[in-house]
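For reference, the structure is listed below as structure tokens.
What follows is calculated from the coordinates using simple rules that are stated; it is not laboratory data. Note that the structure is a prediction, hence the values are computed from the model and not measured. Heads up, the Cβs are rebuilt from the backbone with ideal geometry, glycines too, and the neighbour counts pull from every protein chain shown.
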Amino acid sequence: MMRAMVLRGPGTALVEEERETPVPGPGRVLVAVEACGVCRTDLHVVDGELPGIATPIVPGHEIVGRVLAGGPGTAIPAGTRVGVPWLGATCGRCGHCLSGRENLCDAARFTGYQIDGGYATHCVADERYCFRMPEDGDPADMAPLLCAGLIGYRSLVMAGDASRLGIYGFGAAAHIICQVAVWQGREIHAFTRAGDEASQRFALGLGAAWAGPSEAAPPVALDAAIIFAPVGALIPAALRAVRKGGTVVCAGIHMSDIPSFPYAILWGERTLRSVANLTRRDGEEFLALAPRVPVRTAVTRFPLGEANEALRRLRAGELQGAAVLVP
Ligand SMILES: [Zn+2]
Ligand SMILES: [Zn+2]
């Protein structure tokens, strides 16, 4: 038997269930979950803010665990530590998949959204989308790398060679990507909710050159900005903060509506773009890079049964770094 925290309908609290432990089918592995990060996307899933969600579903897409058994045709040996990310399956045949953009596949399926995820003692994953994870080290420390880290990394790449980089919303992804960007020699300007001095201190402690409220103008014009907070009003704020030719990257899967803004703040060849999902290549690149920095995650651990409390604290902005469920 296994235990899982299940979303039975949008906008409801997760319910703890006992289930039969699944038997992995062809190409699938059964994973004993060691830790699962709590991502802001999980809030959007629970709140019913993403299209086409089918409940019941087990959330969670930052999974670190050990393979217990493989279905027919699998290659990963039992006992291997793996990471299971948001990208759970793609078609492999469409134009996006064949051009290195499997993150945009229309037939993609996602862990913790269309495939039962890691808010559980066990999960089943397609082994082709799993990453090998270090055998030693604390799985709770690694879990946030699998989405906050990967999506943050893809967003950082999309920001180009910006040396002065703004980060709006200093949560799990920002605290990881700030470390990578500082290591790369970039100057980080961290924007938080007004009055959130704890997050501003946290950012400065991770090497940010400046931290302040998101409405404030930075002390210098920025080359690029990444918006992690799901707040559409930050788009005009970020466009005003970047220089001509600069880029604003929206990293989230969901955002509140964007208020109208004058064309003049986009003009000057500024670029506004989003980042969607991840490719397996992003994962391989980032997981190789993280130990070189080295990235040190700040995590708050919760027992599996306290998933609702972890989500509440994430929503309230009461966490520094990332929340992680440990079954
Ligand atoms: Zn495809
Ligand atoms: Zn995520």
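Here the contact order of the range 252-327, divided by its residue count and restricted to Cα pairs under 8 Å and six or more residues apart, works out to 27 percent.
Mind running the shape call on the range 149-274? Use the C-alpha gyration tensor, a ≥ b ≥ c as the square roots of the eigenvalues: rounded below 1.5 for a/c, prolate if a/b tops b/c, oblate otherwise. It comes out rounded by the Cα gyration axes.
Could you line up T247, T12 from fewest to most neighbouring Cβ atoms inside 10 Å?
Numbers: T247 21, T12 13.
Least to most surrounded, the residues fall as T12, T247.
Classify the range 1-154 as rounded, prolate or oblate, taking a ≥ b ≥ c as the square roots of the eigenvalues of its Cα gyration tensor: rounded when a/c is under 1.5, otherwise prolate if a/b is larger than b/c and oblate if not. The shape class here is rounded.
Would you mind telling me the antiparallel percentage of the DSSP bridges in the chain, rounded to 5?
Values: 30 of 58 bridges.
Restricted to the chain, the bridges split so that about 50 percent are antiparallel.
Taking neighbour Cβ counts within 10 Å as the exposure measure, how do F131, F228 sort from fewest upward? Numbers along the way, then the final one.
Numbers: F131 18, F228 26.
Ranking F131, F228 by Cβ neighbours within 10 Å, fewest first, gives F131, F228.
Computed from Cα positions, the angle between helix 148-158 and the longest principal axis of the chain comes to roughly 40 degrees.
Dividing the mean sequence gap of close Cα pairs (under 8 Å, 6+ apart) by how many residues the range 130-250 holds gives a relative contact order of 25 percent. Centre-to-centre, using Cα atoms only, the range 18-51 and the range 143-164 are separated by 23 Å. Taking a sphere under 11 Å around the Cβ of L266 and counting the other residues whose Cβ falls inside, with K and R at +1 and D and E at -1, yields a net charge of +2. Cβ crowding within 10 Å ranks Y263, Y168 as Y263, Y168, fewest other Cβ atoms first.
Sorting the segments 173-183, 293-303 by their residues' average number of neighbouring beta-carbon atoms within 10 angstrom, most packed first, yields 173-183, 293-303.
Counting only C-alpha contacts under 8 Å and six or more residues apart, can you give the relative contact order of the chain as a whole percent?
Numbers: 791 pairs, mean separation 61.0, N = 327.
It comes to 19 percent, rounded to a whole number.
Place the peptides 209-217, 147-155 in order of packing, highest mean first, counting for every residue the other Cβ atoms within 10 Å and averaging per peptide.
By packing density, highest mean first, the sequence is 147-155, 209-217.
Positive-end ranking of V31, I253, P10 along the dipole of the chain, with charges on Cβ about the Cα centre, is headed by I253.
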